[in-house]
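The values are calculated or read from the model by the stated rules, or taken from the named source; none is laboratory data. What you are looking at is a predicted structure, and each value in this text was computed from that prediction instead of being measured. Every residue, glycine among them, receives a Cβ derived from its backbone with ideal geometry; neighbour counts consider all protein chains shown. Heads up: the accessible areas ignore ligands, DNA and RNA and are worked out on the full protein's heavy atoms, side chains in. Shrake-Rupley method; radii C 1.70, N 1.55, O 1.52, S 1.80 Å.
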Amino acid sequence: MTPVLSILLCLGLCLCKRTRTQAADELRKPSLRAENSSLVPEGETVTLRCRASWEAEKWKLEKRGESGWSQIKSVRGAGDEGEFSLLSVTSSNAGTYRCLYSYCLYKQGHSFSLWSECSDPLELVVTDLSPPPSLAALPSSEVAPGQNVTLQCGSEQWYGWCVLYKDGEEISRSRTQRHERGRLADFFFPAVNLTHDGTYRCYGFHSSSPYLWSSPSAPLVLRVSDAAAQDYTVGNLVRLILAGLVLILLGVLLAEHWKSSRGQPIQGVLD
Ligand SMILES: *[C@@H]1O[C@H](CO)[C@@H](O)[C@H](O)[C@H]1NC(C)=O
């Protein structure tokens with residue numbers, strides 16, 4: 001909306017609670033985020049929050065479609081945060097969103113309302129729409145620092161892509177390769193260190209629908225530590241020491257017994 005049009009629409013209607021002056025002309029771009037996570041399992045509710053650094057009057061949520069952006073929702077509400085709930089999401093809710101807000105400006109004796117810039121786009125992914133892939137660690141999920149590890153995400157569902165998550169955050173995505181049964185993607189981590197320790201999951205999706213994902217794989221816990229090797233050595237050492245002590249004790253007992261049986265001949269014979 002152009003400023004002139006805003007002024008016309010706003011004549012006499014715009015009741016600024018707080019007046020702003022020219023200093024307000026700097027960019028006021030809101031930010032859009034999904035509460036909790038932008039990965040939403042089908043059927044669950046997600047709240048999108050549009051945050052402004054400015055007092056707003058009205059908020060708009062737009063979604064990108066084949067023919068550009070279109071308004072999905074609009075809410076009234078003062079304050080610096082607008083809230084949009086998407087109830088019981090389905091695959092049709094997946095996609096790219098942005099938000100903007102209207103605010104009131106007081107300038108040269110007039111108040112008029114303007115629309116802010118649009119937020120950066122937010123990609124909302126709906127998950128749990130197809131069977132999960134499986135995730136495996138090669139050669140093992142318990143490795144020492146410096147070892148190479150490959151996390152392998154595979155499925156018979158012919159997903160074109162696999163996305164790898166670590167402790168709730170995406171860390172990598174990769175095209176899958178054809179395999180004997182279905183397709184799989186390898187995520188190679190050379191010379192792992194302690195920062196690779198954590199819980200991993202992967203998702204699959206088809207190239208034609210990048211916002212419609214499978215259920216997550218079962219969690220894979222990768223343990224990077226030399227504790228396993230140490231435990232082994234320490235355990236063996238303890239066992240060796242214990243065995244030694246037992247031997248010494250046995251030796252002492254035997255020696256005592258030998259001494260006492262030699263020093264004190266059988267009493268019955270002497271009496
Ligand atoms: C680990 O991977 C690197 C390649 O990144 C390779 O040169 C090296 O030989 C590998 N080490 C082991 C122990 O397999």
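I'd like to check one number: the per residue accessible area of segment 147-228, probe 1.4 Å, reported in Å² as a whole number.
52 Å²
How far apart, in nanometres, would the label points at Ser53 and Ser37 be if each is projected 7 angstrom from Cα along the Cα-to-Cβ direction?
The two pseudo-label positions are separated by 3.1 nm.
Among 101-112, 245-256, how do they line up by average Cβ neighbours within 10 Å per residue, starting with the highest? Don't skip to the end; give the middle numbers.
Working: 101-112: 16.8, 245-256: 10.0.
With the highest mean Cβ count within 10 Å placed first, the list reads 101-112, 245-256.
Relative contact order of segment 56-205, please, whole-number percent, based on alpha carbon pairs below 8 angstrom and at least 6 residues apart.
Rounded, it is 17 percent for segment 56-205.
Can you check how the C-alpha radius of gyration of segment 134-224 compares to 2.2 N^0.38 Å, as a plain ratio?
Compactness ratio reported: 1.04.
For the ranges 74-80, 28-34, 117-123, what's the packing order if you count other beta-carbon atoms within 10 Å of each residue, average per peptide, and put the highest first?
28-34, 117-123, 74-80
Modelled label-to-label distance, Leu194 and Glu44, 7 Å Cα→beta-carbon offset: nm?
Between Leu194 and Glu44, the label points sit 3.1 nm apart.
Give the separation of the Cα centroids, segment 132-149 to segment 50-125, in Å.
43 Å
Using a 1.4 angstrom probe, figure out how much accessible area segment 53-101 has per residue, in square angstrom, rounded to the nearest whole.
Working: 2480 Å² over 49 residues.
On a per-residue basis, segment 53-101 sits at 51 Å².
Given a 1.4 angstrom probe, I'd like the percentage of the accessible area of segment 51-166 that is carbon and sulfur, rounded to a whole number. Display every interim value, and only then the final one.
On the way: 2380 of 5420 Å².
The nonpolar share, carbon plus sulfur, comes to 44 percent.
When the solvent-accessible surface of protein heavy atoms is calculated with a 1.4 angstrom probe, in what order do Lys60, Lys73 fall, highest first?
On the way: Lys60 40, Lys73 70 Å².
Largest to smallest exposure gives the sequence Lys73, Lys60.
Can you work out the FRET efficiency for the pair Leu249 and Gln147, with r the C-beta to C-beta distance and R0 = 30 Å, to the nearest 0.05?
Working: r = 42 Å, r/R0 = 1.39.
Computed FRET efficiency for Leu249 and Gln147 comes out at 0.10.
Assuming R0 = 30 Å, can you tell me the calculated FRET efficiency for the pair Ala78 and Glu123, based on Cβ-Cβ distance, to the nearest 0.05?
0.55
Going by average Cβ density within 10 Å per residue, which order do the peptides 185-197, 206-218 take, highest to lowest?
Packing proxy ranking, top to bottom: 206-218, 185-197.
Could you compute the FRET efficiency for Ser67 and Gln108, with r as their C-beta to C-beta distance and R0 at 35 Å, rounded to 0.05? Please list the in-between numbers first.
Working: r = 39 Å, r/R0 = 1.10.
Using R0 = 35 Å, I get an efficiency of 0.35.
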